[in-house]
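A quick write-up on the structure given underneath.
The values are calculated or read from the model by the stated rules, or taken from the named source; none is laboratory data. These numbers come from a predicted model, not from an experiment. Neighbour counts are summed over all protein chains in view; Cβ atoms, including those assigned to glycine, are modelled from backbone coordinates with ideal geometry.
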Amino acid sequence: MTQSQSQSTVEVSGAGSASQPLLALKGFSKRFGAVEALKDVDLEVYAGEVVGLVGDNGAGKSTLIKAIAGVQPPDSGEVRFEGRPVKLNTPQAATALGIATVYQDLALAENLDVVANLFLGQELGNGLGGVHILDETAMEQRAVELLGSLGVTTLRSVRTEVASLSGGQRQAVAISRSLLGEPRLVLLDEPTAALGIVQTEQILKLIERLRERGLGVVVISHNLANVFEVSDRIAVLRLGRMAATFKSEQASREEIVAAMTGADVKERSTEESPL
């Protein structure tokens, strides 16, 4: 298949049998002064699918994630969530819709244990005489249930301080925390960055479990091998524009790299299955 990736977009239908996307962006644009970080970006994410968001440094990946999360609202563009037109002007608005974001820095408190980090800012408790008393037992039980349901089995105790956890365990805690609000869409910014092989596989399996729960998932990653392993579709940003969208099972690494760099992809061998 020959295609010029500098301006073209490969349109691919959504995954699964959903009649409409969970999230649909149309014409998303964002400027920072003279810098055009996003230009007329369209993106669809369906429930029960993982979309890998890739692109070179400066392509606009983090800007797009922050726009969806309400942190840096777009200057223009339309958003539909479950078919309804919505506004993503603040993080609170995104959270109320059911959008959860796990940033690369994880935002964990190292001096607190796993339970305290999971419920930080949303602690369970009871009011008594104007005093809020934490229900440590309920929070610990909920933490164990949540981590167990996601297959997180490497933690010896939910009372372990985060400072003593490995990178993979910390990422698992951060992802698990995002699910306490029962989100419909989870945004993950470089979830496997700086992780070893074993820890990476654990996080990829965790992402697969999010899909099995019927959630829509967007994963930013520079590791194309990980993206191909876990994603249903791959969206490629280049210089702030959506260069192409591929079905993962039908795309090649060469095509993804070509879309990222703006190079042409040579004709495939006739022995290979066409897209």
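For Ser166, which of the numbered conditions (1) surrounded by fewer than 19 Cβ atoms within 10 Å (Cβ to Cβ); (2) under 14 Å from the mean Cα position of the chain (by Cα) fails to hold?
Status for Ser166: all satisfied but (2).
Going through Ala93, Ala100, Ala143 one at a time, which residue ends up being crowded, with 18+ Cβ neighbours inside 10 Å and without any contact (Cβ under 8 Å) to a residue 60 or more places away in the chain?
Ala143
Take the residues in region 49-94 that are at positive phi and either more than 17 Å from the chain's Cα centre (by Cα) or not assigned by TED's automatic domain parsing to the domain that holds Val230 (or both); name whichever of them is modelled with the lowest pLDDT.
Restricting attention to region 49-94, the residues satisfying the condition of being at positive phi are 55, 58, 60, 70, 77, 82-83.
Those still in the list that are either more than 17 Å from the chain's Cα centre (by Cα) or not assigned by TED's automatic domain parsing to the domain that holds Val230 (or both) too: 58, 77, 82-83.
Values: Gly58: 91, Gly77: 95, Glu82: 95, Gly83: 94.
Here the answer is Gly58.
Given the conditions (1) closer than 28 Å to Glu182 by Cβ; (2) at pLDDT below 95, which single one is not true for Leu25?
(2)
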